[in-house]
Amino acid sequence: WQIKKMNKFFNQELILRLVSAFVFIPLVILPLIYSNYVSLLVYILITSIICYEIIEIKLKVKNSYIFYFYLIFIVVAFFFFLFLLICEEYSFITIMMIISIIWLFDTFSFLGGKIIGGKKLMPKISSGKTFSGLATGIFMTLIITEILLYSLNLTFQLSFLFTLSIIFLSFSGDTIVSMIKRYASIKDSGKIMPGHGGLLDRFDSFIAVFFVYGIANLVI
């Protein structure tokens, strides 16, 4: 049974995720490399699609204001990110490190949960999250991030805590969206990305990070 499960994972789900990644990663990275103003246009488009997905989910549930609050949360989070980007408050390296940490944590959490399996982390909220996936995601992200920082000569005193904070916010953002989807009794926010679902499913971790670090930058 376990062999069949692994074959199905590597033959179908993983392939779909890889195909989506080939589209998603350039969409996120290339505008940041090319121009801040091109990034502005691309991320406004992404934000609009995510807001549309939330509105579509809202139509499935009556008399609930949680979706409106989350819409505001999304818009403010992306506003902070775009503001910091245009004003060049964060260096390109810093932004890329934040994005890389989120991707590493998400990828290894997914792989750990699928390959190792085991006890569900919060079955009433998200059936896909496991303790093994969370542990794998945290461990591998910390190790790889420290290696990357060291190899690029970018190590700093609080890099370990910085990585942990991104992991925590990433997990929190993912969990919030899982709660919203469970409330609406849906699995994915959309179908725009095969293997992932909607753009909200792909950016849920980013949103919480953008929001908190945006506020922190303005306050500090």
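General remarks:
- Some residue of the range 145-155 being open to solvent by 50 Å² or more (accessible area, probe 1.4 Å), closer than 15 Å to Ile54 by Cβ and acidic (Asp, Glu): no
- So Ile74, is it closer than 24 Å to Thr47 by Cβ, touching a Cys at 6+ places or on another chain (Cβ under 8 Å) and buried (at least 16 other Cβ atoms within 10 Å of the Cβ): yes
- Qualifying residue in the range 50-67 (condition: open to solvent by 50 Å² or more (accessible area, probe 1.4 Å) and hydroxyl-bearing (Ser, Thr, Tyr)): yes
- Options Thr163, Thr155, Thr141: the member that is modelled with pLDDT under 90 and β-branched (Val, Ile, Thr): Thr155
- Taken together, the residues in the range 120-143 that are open to solvent by 50 Å² or more (accessible area, probe 1.4 Å), more than 14 Å from Ser170 (Cβ to Cβ) and free of Cβ contacts under 8 Å to residues at least 40 places away in the same chain amount to 8.
- The lone exception for Met179 - which of (1) in contact (Cβ under 8 Å) with a residue 40 or more places away in the chain; (2) under 20 Å from Phe24 (Cβ atoms); (3) surrounded by fewer than 22 Cβ atoms within 10 Å (Cβ to Cβ) it fails: (2)
- Check on Ile116, over 21 Å from Leu218 (Cβ atoms), surrounded by fewer than 20 Cβ atoms within 10 Å (Cβ to Cβ), without any contact (Cβ under 8 Å) to a residue 40 or more places away in the chain and over 16 Å from the mean Cα position of the chain (by Cα): yes
Residues checked against (1) outside any helix (DSSP H, G or I); (2) among the aromatic types (Phe, Trp, Tyr):
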position: Ala77; (1), (2): no, no
position: Thr94; (1), (2): no, no
position: Trp103; (1), (2): no, yes
position: Leu111; (1), (2): no, no
position: Gly118; (1), (2): yes, no
position: Thr145; (1), (2): no, no
position: Leu169; (1), (2): no, no
position: Ser178; (1), (2): no, no
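- Condition broken by Asp174, with the remaining ones in (1) assigned to a helix (DSSP H, G or I); (2) out of contact with any Ser or Thr (no Cβ under 6 Å at 6 or more places or on another chain); (3) open to solvent by 30 Å² or more (accessible area, probe 1.4 Å) satisfied: (2)
- Verdict on Lys129 being touching a Pro at 6+ places or on another chain (Cβ under 9 Å) and either under 15 Å from Val177 (Cβ atoms) or acidic (Asp, Glu) (or both): yes
- If the condition is being part of a helix (DSSP H, G or I) and of a type in the set (Gly, Ala, Ser), then the range 35-71 contributes Ser39, Ser48.
The values are calculated or read from the model by the stated rules, or taken from the named source; none is laboratory data. The model shown is predicted, which means the values in this text are computed figures rather than measured ones. Every residue, glycine among them, receives a Cβ derived from its backbone with ideal geometry; neighbour counts consider all protein chains shown. Just the protein is used for accessible areas: all its heavy atoms, side chains included, with ligands, DNA and RNA removed. Shrake-Rupley method; radii C 1.70, N 1.55, O 1.52, S 1.80 Å.
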